[in-house]
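Data block below; observations after.
Laboratory data are not the source of any read-out in this text; all were calculated from the coordinates shown. All figures in this text were calculated on a predicted structure; none of them were measured in a lab. Cβ placement follows ideal geometry from the backbone for every residue including glycine, while neighbour counts extend to all protein chains displayed.
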Amino acid sequence: MGKQITNSIVMVRPIAFYFNTQTAANDFFQNDLGEKKDIVEAKALIEFDGFVDKLRGKGITVHVIQDDDSVFATPDSIFPNNWFISLEDGKLVLCPMFAEDRRYERTKFLGSLVEIVGRDTLEIYDYTKHEKDKRYLEGTGAMVLDRANKKAYCCLSERADEGLFRQFCSDFGFKPVPFHGLQSYREKRVAIYHTNVMMAMGEKFAVVCLSSIDDPAERQMVVDELTESGKQIIDASEREIDKFAGNEIELEGSGGKRYTVMTHSTFKTLTDGQKAEIEKSSEILVGDVETIEAYGGGSVRCMISEVF
């Protein structure tokens, strides 16, 4: 069995973080609060640096890549988990992305990433050619990987093409678990843009918003797969998902200690019972990324890319 969690992660320190109109087309967690760009950027940098310090303080290895002010504007560079996936045995998957301005992130940061992962044994698998056909699979945002049990969960959406998802699973030996996750937005049921905002995978548990899976058969399939893998299911409501309760990640700190990283928004909305289930196997580590969540539509898990 492979490892589910890692001690080593990549984060990108932004230089022009702001509300991205291109991603807002189908990310309904984003909010433009109308603040000036320099104010938003300053707040985001304070949140980012404080979060990095908190992670490093627990013995988690954080590789920080600094964004630059080149001709490529990358307002969402703070969310690197969408453009690459690191797998064991030195495999690196480059992922096709929905928003054109997000594709520049690969151009900017791939060289730095290769140095971090280690170029000597690296195998790169490039799925980005599918962008020309408008088919996307946005990394560990589009898929939540149960690496130890070789299962991949995917909430199908405009950013998670089922054909590409199944190709990924075939290429790397994962069992595909596709389903449709929906959220209520302006009195309609609309597709949840990324799996990792409604589902999080730990070594011993899985947080999932089962009520967002409207199809009973698909919902039961997800429950059955998680149960078969021995995961304690922590069911989160849609109200809790709105506070990024599905956007958590478990990491390994000093001495192999497990930490489940979440935001203040999530910590405040989870019940004592839900937190107790997580704390049976993992200490909760809380970060404050309120500005990043509001303008970016993603939280702490989106900011972290694992390195295996």
Quick one: compute the contact order of the range 197-262, relative version, from alpha carbon pairs under 8 angstrom and 6+ residues apart, as a percent.
-> 38
If the limit is 28 Å between Cα atoms, which of Lys43/Lys91; Lys129/Lys150; Lys36/Lys58; Lys54/Lys150; Lys108/Lys150 go over it?
-> Lys43/Lys91; Lys36/Lys58; Lys54/Lys150; Lys108/Lys150
Hey, with R₀ at 22 Å, roughly what FRET efficiency would Glu158 and Ser237 work out to, going by the Cβ-Cβ distance, to 0.05?
-> 0.35
Can you pull out the GluC sites (Glu not before Pro) in the range 118-190 that DSSP calls coil and that have at most 15 other Cβ atoms within 10 Å?
-> Glu158, Glu187
TM-like helix rule applied to the chain (DSSP H, alpha carbon span at least 20 Å on the long axis, mean Kyte-Doolittle at least 1.0) gives none
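Is the C-alpha gyration tensor of the range 75-191 telling us rounded, prolate or oblate? Criteria: a/c under 1.5 is rounded; beyond that, a/b larger than b/c is prolate, otherwise oblate.
On the way: a/c = 2.00, a/b = 1.32, b/c = 1.51.
Oblate, because a/c is 1.5 or more while a/b does not exceed b/c.
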Relative contact order (%) - the chain, alpha-carbon pairs under 8 angstrom, separation at least six = 24
Asp272 versus Lys36, label points 7 Å from Cα toward the beta carbon: distance in nm?
-> 4.6
Candidates Thr260, Thr269, Thr21: whichever shows maximal mean-square fluctuation once the chain is modelled as a Gaussian network with Cα springs under 10 Å | Thr21
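Using +1 on the beta carbon of Lys and Arg, -1 on that of Asp and Glu, and nothing else charged, what's the dipole of the range 17-116 about the Cα centre, debye to 20?
220
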Would you look at the GNM of the chain, springs on alpha carbons closer than 10 Å, and say which of Ser70, Ser157, Ser254 moves the most?
-> Ser70
Quote the charge dipole size of the chain about the Cα centre in Debye, to the nearest 20; the model charges only the Cβ of Lys and Arg (+1) and of Asp and Glu (-1).
-> 320
How many nm is it between the label spots at Ser70 and Lys257, if each spot is 7 Å from the Cα in line with the beta carbon?
-> 3.9
Using alpha-carbon positions, the gyration tensor of the range 152-216 gives root eigenvalues a ≥ b ≥ c; with a/c under 1.5 called rounded, otherwise prolate if a/b exceeds b/c, else oblate, the class is oblate
Hey, any idea what the orientation-averaged projected area of the convex hull of the range 8-306's Cα atoms comes to, in nm²?
-> 14.7
State which stretch of the chain is the longest one without any exposed trypsin sites (Lys or Arg not before Pro), exposure meaning a DSSP loop state and at most 11 other Cβ atoms within 10 Å.
-> 37-133
What full-extension length gain, to one decimal in nm, is calculated for Glu123 and Glu88 as 0.36 nm per residue of separation minus the Cα-Cα distance?
-> 11.6 nm
Okay, helix-only estimate at 222 nm for the chain: each DSSP H run of n ≥ 4 adds -39500 (n - 2.57), divide by all residues, round to 500 deg cm²/dmol; what do you get?
-> -9000 deg cm²/dmol
Could you tell me whether the range 189-235 comes out rounded, prolate or oblate from its Cα gyration tensor? Rule is a ≥ b ≥ c as square roots of the eigenvalues, rounded for a/c under 1.5, then prolate if a/b exceeds b/c, otherwise oblate.
-> oblate
How far apart, in nm, are two points set 7 Å out from the Cα along the Cα-to-Cβ line at Gln167 and at Arg13?
-> 3.7
Gained length - Ser112 relative to Lys132, 0.36 nm times residue gap less alpha-carbon distance = 4.6 nm
